[in-house]
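Below is one structure; the comments refer to it alone.
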Amino acid sequence: MRASRPWPGVRAKAAAPRVRFLPLAFSLLTAHFSPLVAQAPPDLVQERAAYARWLSSARTSPLAAIAQAPVGSGIRLGPPDADVPLEGLAEQRITERAGRVTLEGRGAGRALPRGRPIPLGAYTLVASGEPGRTVISVFGPPRSGPPPAYFPYDSTMVLTVALEPPRRPGAVRLLAVDGMEVEAAEAGTVAITAGGATTRLTVRRIPGEDDENDLEIYFRDPTNGRGSYPAGRFVSLTPLPDGRYRIDFNRARNPFCAYSSVYACPAPWPGNSLPAPVAAGERYDSEK
């Protein structure tokens, strides 16, 4: 699933230096927050347009997802009694040996390189996950649907913060935005003032493409289920030249489970709940 990057983001290659948090000059997200509506900057408009095109046309769009299944001791595709029934497809079997994933059918076999979309008749397969924990995602033609919706752009939702290193460096297994289980390193915390109180949000390094990592926050706020996705949203940190980071909540995005029940939904990260609404970023319509 990580072969097609769903949302343009920034990858931070080096650990952030330890710097003292600089208090914001204003109180962010107060209980009676009045959004400052402004025109979205061109780069954000372009990102959103590119994402809408990707969703509607990409072979690995979540709107094209049919199934996800762990390889385990082997899975069958095709017939009605298979682990993953696929209409019009002759029986195929996927196995993993010593970390190598192989697709076998009609007496022939071929490798399934991790993260690379592989066509199979009318379908597309992607092998993801770590060796021994491989998951196969199956895609068909993207289904039609409305483009993503967003809250009005709000320039006050673009923040500059400092990243405090974690007290206990380590890693934790969790689900990323695409529903895949990854081992994410603890990157530290950022302090956000909301409703008169300071909340420290956990930041983690999510494995990405080309051995690079994304600094991500999975957060919740009172808009969940009331305009935004009930399970929460992701937002990235962008490194700045002075060692601090930018968080743009206008770029907050839904996990893939918002688009398809094929994907597992990430569990909320403990403590990552803001007490005041974040009326910025991607919305969610439960009726669509």
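Here are some notes:
- Some residue of the stretch 137-149 being among the charged types (D, E, K, R), in a loop (DSSP other than H, G, I, E, B), modelled with pLDDT under 95 and in contact with a Leu (Cβ under 9 Å, 6 or more places away or on another chain): yes
- Matching strands (runs of 3 or more DSSP E) fully within the stretch 158-274 where at least 3 residues are surrounded by 14 or more Cβ atoms within 10 Å (Cβ to Cβ) and in contact (Cβ under 8 Å) with a residue 60 or more places away in the chain: 158-161, 181-194, 197-207, 213-219, 233-239, 245-248
- Test: residue in the stretch 215-235 that is under 19 Å from the mean Cα position of the chain (by Cα), farther than 19 Å from GLY179 by Cα and not small (Gly, Ala, Ser): yes
- Looking only at residues of the stretch 81-97 that are without any contact (Cβ under 8 Å) to a residue 24 or more places away in the chain and in a loop (DSSP other than H, G, I, E, B), we find that the one that is farthest from ARG59 (Cα to Cα) is ASP81.
- Meets criteria (within 23 Å of the chain's Cα centre (by Cα) and either surrounded by 14 or more Cβ atoms within 10 Å (Cβ to Cβ) or among the acidic types (Asp, Glu) (or both)) for PRO113: no
- Set ALA127, ALA122: member being without any contact (Cβ under 8 Å) to a residue 60 or more places away in the chain, hydrophobic (A, V, I, L, M, F, W, C) and surrounded by fewer than 15 Cβ atoms within 10 Å (Cβ to Cβ): ALA122
The values are calculated or read from the model by the stated rules, or taken from the named source; none is laboratory data. Keep in mind that what you see is a predicted model, and the values were worked out from it rather than measured. Heads up, the Cβs are rebuilt from the backbone with ideal geometry, glycines too, and the neighbour counts pull from every protein chain shown.
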